[in-house]
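J.: One structure is given below, represented as structure tokens, and several questions about it will come after.
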Amino acid sequence: MFAAFVAATLVPAFAAAAENPAGERGEAAYAERMALYRSVAALTDVPWTRLAAVDQFARSLQKKRSDGPIAFRFPPPLWAGPTNPDPEDTDPRTIALFGGLGRDGDGDGFADQRSPLDVLLVLAERLRDAGNDWPQAVAELYPSDKDRMILKAFEALYAAFGRLDLFDTAFVVDRRRPYSYTNTWGQPRGFGGRRFHEGADIFAPYGTPVRSATYGVVEVAGWNVYGGWRVGIRDLNNIYYYYAHLSGFAPGVRPGKIVRPGEVIGYVGSSGYGPPGTQGKFPPHLHFGMYKYDGRREWAFDPTPHLRRFERLEREKARPRERTGP
Ligand SMILES: [Zn+2]
């Protein structure tokens, strides 16, 4: 039990690496990336939102940030050609000879995946050929139904907001109401056998509005034997946020709905630990969980430091004059 706790507490570094780079450098990086997507979209008639979705999906699975504005890469044998003796080949003639995908998109004479236009042009042409089933264009890398679902969710997010900078956060309950939480990550839980507490409990009165921490797409909204009425939302870092024990959902909250940080998704309750409708087996609270998808599975990590960060950022935003005034 203790070993599992220690291993799990190491995970937040993974999620933190994917956080939004704040400030001007972040803004310039988004502008540069958007200009690349838009120029390739104009050349190929593929919506920039699909290029952005594939690229962000690749970025969200990286353990370490790659250099350059574009994270997506084809597997080297696919780019250079499966029988090419040099999988790092950048010569468009030999790549063509071995049936590789690699092309020179920026006119420098090389077909090099480190050149954003080279890799984006090849990606865009494959996306165009795949039509409505566009995730099929990257099925070699992202083969599962889940990957396909997430790629489409990312595209929907970009289409809904028309920009790349979708990493603002909000605290998960209305801060004008009373609430409290302490770090309960890893504590044992009795119901349903011996379980590890995969989240944080925020105690608040019945009916307190529960808010999405991030921009995201609702993936799940319904009953679960442990979580009761619960909502699952995925953000562009491929982090899945789990809000459980609700007394009810906000209107329109169902799978596929796009949400923004601070948007009310439901209300604090005490549902769960039984068949649909069970409530009152414990005091009302929001159970909040965070899970990182690594391309194969979702793994839980301690959300408590993230709750503290959401809370601090929101407090700072609420009184900008106090910080910057004379
Ligand atoms: Zn809990």
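J.: I'd like the FRET efficiency for VAL225 and GLU27, computed as 1/(1 + (r/R0)^6) with the beta carbon distance as r and R0 of 41 Å, rounded to 0.05.
T.: In this case the efficiency is close to 0.35.
J.: Charges only on Cβ, +1 for Lys and Arg, -1 for Asp and Glu: so what's the dipole of the chain about the Cα centre, in debye to the nearest 20?
T.: Charge dipole of the chain: 1740 debye, to the nearest 20.
J.: Which listed residue (TYR158, HIS197, ASN84) has the Cα farthest towards the positive end of the charge dipole for the chain, taking +1 on Lys and Arg C-beta and -1 on Asp and Glu C-beta about the Cα centre?
T.: Farthest towards the positive pole: HIS197.
J.: Could you give the length gained by full extension between LYS281 and ARG65, i.e. 0.36 nm per residue of separation minus their alpha carbon distance, to one decimal place?
T.: Taking LYS281 through ARG65 to full extension adds about 73.3 nm, to one decimal.
J.: Helix-derived [θ] at 222 nm for the chain: sum -39500 (n - 2.57) over DSSP H runs of at least 4, divide by residue count, nearest 500?
T.: Only helices count here, giving -10500 deg cm²/dmol.
J.: Here's something else I'd like to know. Just to confirm a number: summing +1 for Lys and Arg and -1 for Asp and Glu over residues other than TYR226 whose beta-carbon lies under 12 angstrom from that of TYR226, what do you get?
T.: Charge balance near TYR226 sits at +3.
J.: Once the Cα atoms of helix 24-44 and of the chain are each reduced to a long axis, what angle between those two axes, in degrees from 0 to 90 to the nearest 10, is obtained?
T.: 50
J.: Arranged by the count of other C-beta atoms within 10 angstrom, fewest first, what order do ASP112, ASP91, ASP145 take?
T.: ASP145, ASP91, ASP112
J.: Another one. Applying the Karplus parametrisation 6.51 cos²θ - 1.76 cosθ + 1.60 with θ = phi - 60° to the phi angles of region 205-220, what ³J(HN,Hα) value in whole Hz is obtained for each residue in order, glycine and proline being reported as x?
T.: x, 3, x, 4, x, 9, 10, 5, 6, 9, 5, x, 10, 5, 9, 9
J.: Using the Cα centre as the reference, give the magnitude of the dipole from point charges on the C-beta atoms of region 252-326 (Lys, Arg: +1; Asp, Glu: -1; all else neutral), rounded to the nearest 20 debye.
T.: Dipole magnitude for region 252-326 comes out near 200 debye.
J.: Once you charge only the Cβ atoms, +1 for Lys and Arg and -1 for Asp and Glu, what is the size of the charge dipole of region 180-324 about its Cα centre, to the nearest 20 debye?
T.: 140
J.: From the phi angles alone, apply the Karplus equation (6.51, -1.76, 1.60; θ = phi - 60°) to region 299-316 and give each ³J(HN,Hα) in whole Hz, x where the residue is Gly or Pro.
T.: 10, 6, 9, 5, x, 4, x, 6, 4, 5, 5, 4, 5, 5, 4, 5, 5, 5
J.: To two decimal places, what compactness ratio does region 52-170 give when its Cα radius of gyration is scaled by 2.2 N^0.38 Å?
T.: Output field value: 1.12.
J.: What area, in nm² and to one decimal, does the C-alpha convex hull of region 180-324 cast on average over all directions?
T.: 9.6
J.: A further question on this structure: Could you tell me the distance between the Cα centroids of region 210-238 and region 129-180, to the nearest Å?
T.: 12
J.: Under 23 Å between alpha carbons: how many lysine pairs meet that in the chain, if sequence neighbours fewer than 8 apart on the same chain are excluded?
T.: Summing the qualifying lysine pairs gives 10.
J.: Can you pull the percent of Cα pairs in the chain with separation above 25 Å?
T.: Tail of P(r) above 25 Å: 56 percent of Cα pairs.
J.: Would you be so kind as to identify which of TRP229, GLY256, GLY280 lies farthest towards the positive end of the dipole of region 180-324, taking Lys and Arg as +1 and Asp and Glu as -1 on Cβ and the Cα centre as origin?
T.: Toward the positive end, the furthest listed residue is GLY256.
J.: Out of ALA130, GLN113, SER60, whose Cα points farthest toward the positive end of the dipole of the chain (charges: +1 Lys, Arg; -1 Asp, Glu; placed on Cβ)?
T.: Comparing the listed Cα positions along the dipole, SER60 ranks first.
Read-outs: derived from the displayed coordinates by stated rules, not from any lab. These figures come from a predicted structure and were not determined experimentally. Reconstructed Cβ throughout: ideal geometry from the backbone, glycine too, with neighbour counts over all protein chains shown.
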